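Quick notes on the structure that follows.
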Amino acid sequence: MSGSRATIEQIPVRVLGGPTAFFEYGGVRILTDPTFDSPREYVVPGGQLTKLTPSTAAPDDLGRIDVVLLSHDEHPDNLDESGRALLADVPLTLTTPGGEQRLGNGAKGLADWESIELDRPGGGTITVTGVPAIHGPGAREDVEPVTGPVVGFVLTGEGLPTIYVSGDNASLDLVRQIAERFGPVDTAILFAGAPRIAVLFDNAPIVLDSVQAAEAAGILGARRVVPVHYDGWGHFTEGRDDLVAAFTDAGLVDRLDFGGLN
């Protein structure tokens, strides 16, 4: 077993449902897109979103949270009311530049390829880089006026694996750009689920579908893939079985980790 593989296995990722995952990286305790509301319906432009299942943990179950990586703040399936309340107790939320303006205190927006260094509790730093994402099919200039800007993240640090958190991204072209700069990655936390909104983009997926997620894993050279954002909501159209089938067909099923190391 290589040293890199041993390092990967020392960093469990706890998947809590929807886009929400929790992990510790270099001593920094990190949460992605917090969604902790009970099942309910949300009114959104053009219709509604329905949360079907509760999260597998409450914020109080997680202990200290140092940083939230928030792909965007404008949709309740990425930041719900409970998640928004949680941000008040978190020292730093990294998100889009627009999200920084809307969220205010404690929020820092990252432009494409912009990095921030965070202190590790035991000394040293980790680096979080904002990476591009497009929340729908097509060019950014066509998609962002409809679904808004989103951001992904790459985490790096001395002696630590490289982790990519995709956010609500549907563009494999952007995944290729990220792979050129950071690949191969040790862990890709991929937002998937092929969510569809009937009135948007002719009902095409606005985040990766399962086949695209497998292709993204190959592009990134990802040694481990932790899927999130594929269960618990009515507009997610592909689930765990679809992901397993797609990764099996791509010869990558051994890389899938559904957050069982928690």
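Here are some notes:
- Screening Gly193 against (1) touching a residue at least 12 places away in the same chain (Cβ under 8 Å); (2) in contact with a Lys or Arg (Cβ under 8 Å, 6 or more places away or on another chain) leaves a single unmet condition, (2).
- Number of residues in region 93-128 that are among the hydroxyl-bearing types (Ser, Thr, Tyr) and surrounded by fewer than 21 Cβ atoms within 10 Å (Cβ to Cβ): the value is 3.
- Val143 vs. criteria buried (at least 18 other Cβ atoms within 10 Å of the Cβ), closer than 19 Å to Glu100 by Cα and among the β-branched types (Val, Ile, Thr): no
- Residues of region 196-216 that are out of contact with any Asp or Glu (no Cβ under 7 Å at 6 or more places or on another chain) and closer than 18 Å to Ala21 by Cα: Leu208, Ala213.
- The residues in region 134-157 that are assigned to a loop (DSSP other than H, G, I, E, B) and farther than 20 Å from Ala204 by Cα can be counted, and the count is 1.
- Flag set for Arg84, criterion: more than 16 Å from the chain's Cα centre (by Cα) and more than 18 Å from Tyr25 (Cβ to Cβ).
- Matching residues, region 221-241, being outside any loop (DSSP other than H, G, I, E, B) and surrounded by fewer than 19 Cβ atoms within 10 Å (Cβ to Cβ): Arg240, Asp241
- Within region 41-64, the set of residues being touching a residue at least 40 places away in the same chain (Cβ under 8 Å) and touching a Lys or Arg at 6+ places or on another chain (Cβ under 6 Å) comprises Lys51 only.
- Count - residues of region 107-123 that are among the small types (Gly, Ala, Ser) and modelled with pLDDT under 95: 2
- Of everything in region 248-260 that is part of a helix (DSSP H, G or I) and not aliphatic (A, V, I, L, M), the residue that is farthest from Val15 (Cα to Cα) is Asp249.
- So Val43, is it loosely packed, with under 15 Cβ neighbours inside 10 Å and part of a strand (DSSP E or B): yes
- Some residue of region 49-58 being modelled with pLDDT under 95, within 25 Å of Leu155 (Cβ to Cβ), over 13 Å from the mean Cα position of the chain (by Cα) and not aliphatic (A, V, I, L, M): yes
- So Ser166, is it farther than 22 Å from Val128 by Cβ and crowded, with 20+ Cβ neighbours inside 10 Å: no
- Glu74 vs. criteria surrounded by fewer than 22 Cβ atoms within 10 Å (Cβ to Cβ), over 19 Å from Leu190 (Cα atoms), at pLDDT below 95 and under 17 Å from the mean Cα position of the chain (by Cα): yes
- Across region 74-98, the number of residues qualifying as assigned to a loop (DSSP other than H, G, I, E, B) and either without any contact (Cβ under 8 Å) to a residue 12 or more places away in the chain or in contact with an Asp or Glu (Cβ under 9 Å, 6 or more places away or on another chain) (or both) comes to 9.
Each row is one residue, and each column tells you yes or no for (1) crowded, with 16+ Cβ neighbours inside 10 Å; (2) over 16 Å from the mean Cα position of the chain (by Cα); (3) assigned to a loop (DSSP other than H, G, I, E, B).
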position	(1), (2), (3)
Leu174	yes, no, no
Arg196	yes, yes, yes
Gln212	yes, no, no
Ile219	yes, yes, no
Ala246	yes, yes, no
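- Extreme residue, surrounded by the most Cβ atoms within 10 Å (Cβ to Cβ), among residues of region 29-40 that are of a type outside the set (Asp, Glu) and part of a loop (DSSP other than H, G, I, E, B): Pro34
The values are calculated or read from the model by the stated rules, or taken from the named source; none is laboratory data. No experiment lies behind these values; they were computed from the predicted model shown. Counting neighbours? That spans all protein chains shown, and the Cβs are built from the backbone with ideal geometry, glycine included.
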